[in-house]
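*Asks:* Sharing a structure with you now.
Values quoted throughout were computed directly from the atomic coordinates according to the rules given, and no laboratory measurement underlies them. Note that this is a predicted model, so its numbers are computed, not measured. Cβ coordinates were reconstructed from backbone atoms using ideal geometry, including for glycine residues, and neighbour counts include every protein chain displayed.
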Amino acid sequence: MSFVTGIIITIIGVILYAISSMLPPGATTIARIGGIILAIIGIIIIILAAVGVAFFIAPF
């Protein structure tokens, strides 16, 4: 479940970063920062889920 959640959060972050150039100037900065943060959080969740599965620990 955490693996799928990580993928979804990463995809949302990438989409947010991609559409940030279409937003007004103030929102562009916020959207880019938010997209990067969401992508990083998603990747961390994916890594933690993979490590949990690799060591037979219930991920989250």
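*Asks:* Taking Cα atoms, how many degrees apart are the long axis of helix 25-54 and the longest axis of the chain, rounded to 10 and kept between 0 and 90?
*Replies:* 10
*Asks:* How far apart, in nm, are two points set 7 Å out from the Cα along the Cα-to-Cβ line at Leu23 and at Ile43?
*Replies:* Taking the simple label geometry, Leu23 and Ile43 are separated by 2.0 nm.
*Asks:* For helix 2-19, report the angle its Cα long axis makes with the longest principal axis of the Cα atoms of the chain; keep it between 0 and 90° and round to the nearest 10°.
*Replies:* 10
*Asks:* Only Cα pairs under 8 Å and at least 6 apart count here; give the relative contact order of the chain as a rounded whole percent.
*Replies:* Taking the mean separation of contacting Cα pairs over the length of the chain, I get 45 percent.
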